[in-house]
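The values are calculated or read from the model by the stated rules, or taken from the named source; none is laboratory data. Every value quoted in this text rests on a predicted model; they were computed, and no experiment measured them. Please note: Cβ atoms are built from the backbone with ideal geometry, for glycine as well, and neighbour counts cover all protein chains shown. In case anyone asks, the SASA skips ligands and DNA or RNA and just uses the protein heavy atoms, side chains included. Shrake-Rupley method; radii C 1.70, N 1.55, O 1.52, S 1.80 Å.
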Amino acid sequence: MPQTPQEVLQLIKEQDIKIIDLKFIDMPGIWQHCSFYYNQIDESSFDAGVPFDGSSIRGWKAINESDMTMVPDPTTAWIDPFMKEKTLSMICSIKEPRTNQPYSRDPRTIAQKAVDYLISSGLGDVAFFGPEAEFFIFDDVRFDQTENKGYYYLDSVEGRWNSGKEEAGGNLAYKPRYKEGYFPVPPTDTQQDMRTEMLLTMAECGVPIEKHHHEVATGGQNELGIRFATLVEAADYLMTYKYVIKNVAKKYGKTVTFMPKPLFQDNGSGMHTHQSIWKDGQPLFAGDKYAGLSQMALHYIGGLLKHAPALLAITNPTTNSYKRLVPGFEAPVNLAYSQGNRSASIRIPLSGSNPKAKRLEFRCPDATCNPYLAFAAMLCAGIDGIKNQIDPGEPLDVDIYELSPEELAKVPSTPGSLEGALEALEKDHAFLTESGVFTEDLLQTWISYKLDKEVNPMRLRPHPYEFSLYYDC
């Protein structure tokens, strides 16, 4: 993969590439792009940037101050495998054209500021993140909401609900039972070849790959494993991960969603996020404390747990996120840490004797998040824990289902709704702003956007199940 502007321009020439596709992320977390004829990109584009109108991007500029520039990162260049004409893709950060300064609402800029904050603190010089994003592959998805109706319909050839359906060519059965979709071999696992193509295509796009497998839920839940990376790289890789998975699925006539809870009464999709801090090439989370952690790692955990209710407004930023985070369903709703308890929000994975593998896993996040904002916020919370030596308390190593109601009441839990998380963020965000990583403007824009565009619209609409509950009242 190219590393410098000169290498990118040489690749364009050698490969006779005619189209350059520049991608950037909007505030909620969706990639946007614009394609340019190759002669529009030169060496100056990697500094001054390429101009565009930012007024139509969600959460960004007003119409009277819409001019912005996207600055491609040469280390993110890859040839797009889904385009008919040979197309070179690059990920961009955003600058203000009048000042040539990074745009304060650009998520990728914020992620880099979090790394710079870590370095300036003297605590470390690298933050590694390893997201594990789960997703569903469906065959048919329909939904609508009007004044007099509202519904959704999902279907999958793997859905257990189709075990009695008359299918074209005959029903071949082998549909994963509810909550029993983890690791079945073909023919029960019908998506092996598709996942392999997804994984190998990601490798072609520069993503360091590891594995793939079917996940727990029926109806086509899956996960592809990618290697951990530095904070900004990990967010770049996750966006490429989502892009590749969706486009490979489309080739197969399928559709993918990263919604945390698309199916009722089966497992939801999370994004467990592994993280650690290093300095001078040495891991700092390995030590002689609980589960082989260092004192720094325990304080980092203390910061995550203290700020978790506010963090979830960024790491679990949709109303659907909280249909996954429900007590009693093995969801990581308990704000505690453990080396084995998967209902704890932070787990310490078994990593053997190699100190370089020592890390923690924050299990709350899901892949509806903007990864640049989510990783930056988690790092800020962890740094706050280290700086203020926040005690994470005792680990939660007991079976949560064996606790008495009185004991369980002592374990804090995640917010029950997006509105609750946003309220927590409103009250607790100094750990994000005092460092200058997040601005007050960005956070207030985020809170307002989520309330106005998601929380309040959901409040206004009747839910289909309400008719079952109340129509005959």
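Starting from residues that are among the aromatic types (F, W, Y) and touching a strand residue (DSSP E or B) at 6+ places or on another chain (Cβ under 6 Å), keep the ones in segment 1-37 and report whichever is least open to solvent (accessible area, probe 1.4 Å).
Top of the filtered list is F24.
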Residue pairs qualifying under the 6 Å Cβ cut-off, at least six apart or on distinct chains, with the first in segment 311-339 being closer than 13 Å to F258 by Cα and the second being acidic (D, E) and at pLDDT 95 or above, are N316/D366; S321/D366
Going through (1) touching a Pro at 6+ places or on another chain (Cβ under 9 Å); (2) at pLDDT below 95 one by one, P317 fails only at (2)
The residue from K149, K175, K211 that alone is out of contact with any Ser or Thr (no Cβ under 8 Å at 6 or more places or on another chain), open to solvent by 10 Å² or more (accessible area, probe 1.4 Å) and over 30 Å from P81 (Cβ atoms) is K149
Flagged in segment 96-114 as open to solvent by 20 Å² or more (accessible area, probe 1.4 Å) and modelled with pLDDT under 95, in numbering order, are E96, P97, R98, T99, N100, Q101, P102, S104, R105
Of the residues in segment 242-270, those that are in a helix (DSSP H, G or I), open to solvent by less than 10 Å² (accessible area, probe 1.4 Å) and out of contact with any helix residue (DSSP H, G or I) (no Cβ under 6 Å at 6 or more places or on another chain) number 1
Going through segment 337-351 in order, the residues found to be more than 12 Å from A291 (Cβ to Cβ) and either open to solvent by 70 Å² or more (accessible area, probe 1.4 Å) or in contact with a Gly (Cβ under 7 Å, 6 or more places away or on another chain) (or both) are R342
Residue set D391, D428, D384; condition open to solvent by 100 Å² or more (accessible area, probe 1.4 Å) and within 18 Å of I301 (Cα to Cα); output residue D391
Check segment 305-328 and report whether any residue there is outside any helix (DSSP H, G or I), open to solvent by less than 50 Å² (accessible area, probe 1.4 Å) and in contact with a Leu (Cβ under 6 Å, 6 or more places away or on another chain). yes
Scanning segment 152-172 for residues that are outside any loop (DSSP other than H, G, I, E, B) and open to solvent by less than 60 Å² (accessible area, probe 1.4 Å) gives L154, D155, N162
The helices (runs of 4 or more DSSP H) lying wholly within segment 339-427 that contain at least 1 residues that are within 26 Å of the chain's Cα centre (by Cα) are 371-387, 418-427
Output for Cβ contacts, cut-off 6 Å, separation at least six or different chains, first residue open to solvent by 40 Å² or more (accessible area, probe 1.4 Å) in segment 436-460, second assigned to a helix (DSSP H, G or I) and modelled with pLDDT of 95 or more, reads E440/T433
Residue hits (segment 201-239; hydroxyl-bearing (S, T, Y), assigned to a helix (DSSP H, G or I) and in contact with a strand residue (DSSP E or B) (Cβ under 8 Å, 6 or more places away or on another chain)) are Y237
In the set Y237, Y252, the lone residue that is among the aromatic types (F, W, Y) and closer than 15 Å to F136 by Cβ is Y252
Of those in segment 181-208 that are β-branched (V, I, T) and open to solvent by less than 40 Å² (accessible area, probe 1.4 Å), the residue nearest to T368 (Cα to Cα) is V207
For segment 195-233 the number of residues that are farther than 19 Å from I79 by Cα, among the charged types (D, E, K, R) and within 16 Å of the chain's Cα centre (by Cα) is 2
Restricted to segment 41-93 and to residues being assigned to a loop (DSSP other than H, G, I, E, B) and in contact with a Ser or Thr (Cβ under 6 Å, 6 or more places away or on another chain), the residue surrounded by the most Cβ atoms within 10 Å (Cβ to Cβ) is G54
Across segment 271-280, the tally of residues that are crowded, with 23+ Cβ neighbours inside 10 Å and either touching a Ser or Thr at 6+ places or on another chain (Cβ under 9 Å) or in a loop (DSSP other than H, G, I, E, B) (or both) stands at 2
